[in-house]
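To start, the structure under review is shown below, and the notes come after it.
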Amino acid sequence: MVEIETLIRAIPDFPIPGILFRDITPLLKDKQGFRRAIDLFVERFIGRGIDYVVGIEARGYILGAPIAYAIGAGFIPIRKPGKLPHDKLSEEYALEYGTNALEIHADAIGTGDHVLVVDDLLATGGTAAATGRLLERLGASVDAFAFLVELSALRGREKLAGHDIVTFLSY
């Protein structure tokens, strides 16, 4: 884990003053580090009967798509408003620095589908919780939420109570 942690840089005051942003782009750039990060997820979720990996825009796509491929699942993107061309459902959520919304195609997931939600970072839990609500509205079973990094002081786990929550690094 030390190897991966050294490839994540801290950027103060981004996107607004007072926020310490954990930037995974150096990790993504590093061939071995990126492979090791994906392998952590795959080792944890292969063979668990996951039908779809759901990636949250945008870094959740970068991690989620190779994870889906490696565990033999489909990949479903969760998008920010105005990006999906077909019938969709929307859900608002709070960020540590404002509000936003997420959307999913109304036909993306079916009743009883088993999903793994993936994103790079768990902070306040608002984005992940909104994703979970969207998936449950479509009848999916959210088997787990998985994040590379957790900012534990922001207590995002509380918004995901009752679900399996997996993180690999904690700050």
>> Please compute the modelled spin-label separation between Ala65 and Ala10, points set 7 Å along Cα→Cβ, answer in nm with one decimal.
In response: 3.2 nm
> Per 10 Å bin, what is the whole-percent P(r) computed from every C-alpha pair distance within the range 117-171?
Replying inline: 27, 59, 13, 1
> By Kyte-Doolittle mean hydropathy of at least -1.0 and Cα axial length of at least 18 Å, which whole DSSP H helices of the chain are selected?
Replying inline: 31-45, 59-71
> Taking the highest mean first, how do the peptides 86-93, 8-15, 137-144 order by number of other beta carbon atoms within 10 angstrom per residue?
Replying inline: 137-144, 86-93, 8-15
> Scaled to the compact-protein estimate 2.2 N^0.38 Å, what is the alpha-carbon radius of gyration of the chain, rounded to two decimal places?
Replying inline: 0.98
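A short reminder: the numbers here are calculations on the coordinates, not readings from a lab. Here the structure is a predicted model, which means the values were calculated and not measured. All Cβ positions, glycine included, derive from the backbone under ideal geometry; neighbour counts span all protein chains shown.
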